[in-house]
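The values are calculated or read from the model by the stated rules, or taken from the named source; none is laboratory data. As the structure is a computational prediction, the values presented were derived from the model and not from experiment. Neighbour counts run over all protein chains shown; Cβ positions are idealised from the backbone, glycine included.
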Amino acid sequence: MRRRIPTSLLLAALVASGPVQAAQTSSGDRSTAPAGGRTAGPAAGRPAALAAAKTSTAVPVTPADMKSMLGTWTIPLETPTGRLVANLVFRIEAGKVVAGVSAPQLKEHKITDITKAGQVLTLYTGALAAYSGPVTMVLTLRPKGPDLAAWFDFNNAGYQIGGTATKKS
């Protein structure tokens, strides 16, 4: 008998799973961490990846930067508790780029802190949910042919997972 695990429990399991892990992508190849790998400790209570990106050459994205990215992307992820397909949506609201991340049984979380450094996009969230404390997420996207290599970092390397984002037609 196969059971469905609620996404909220899956997210809690991902964050609480301890050591850094990487999931295989749907094509079977191993996802890799973003350049620079694991980052140093947090600065002023913010995730280290956020602090590092804010001090690098990263700049906020503009609607012109995101013209080809607008729309919905799906990101299949193989997690320790089973397959999860996340949705990532880019849209323009009030002249600014906004993203939304969702999954089955997990409502969309709006993201407004989006930067780029070269062709690499980085999306930063505040608290996603409160289990035993806030869950933060940094999502890094790199071009991979017509797709995007997607790397999720939860709670400053508390749990990491990668996959390939494909744009819906």
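Going through region 147-160 one residue at a time, which ones are more than 17 Å from I111 (Cβ to Cβ) and at pLDDT 95 or above? D147, A149, listed by residue number. For region 81-107, the set of residues classified as polar (S, T, N, Q) and assigned to a strand (DSSP E or B) consists of N87, S102, listed by residue number. Only residues that are of a type in the set (F, W, Y), over 11 Å from the mean Cα position of the chain (by Cα) and not in a loop (DSSP other than H, G, I, E, B) were counted in region 123-165, giving 1. For region 37-96, taking the residues that are of a type in the set (D, E, K, R) and surrounded by 12 or more Cβ atoms within 10 Å (Cβ to Cβ), the one that is modelled with the lowest pLDDT is identified as R38.
Restricting region 108-122 to residues that are outside any strand (DSSP E or B) and not small (G, A, S), the residue that is surrounded by the most Cβ atoms within 10 Å (Cβ to Cβ) is T112.
The sole residue among A157, A117, A103, A94 that is hydrophobic (A, V, I, L, M, F, W, C) and in contact with a strand residue (DSSP E or B) (Cβ under 6 Å, 6 or more places away or on another chain) is A103.
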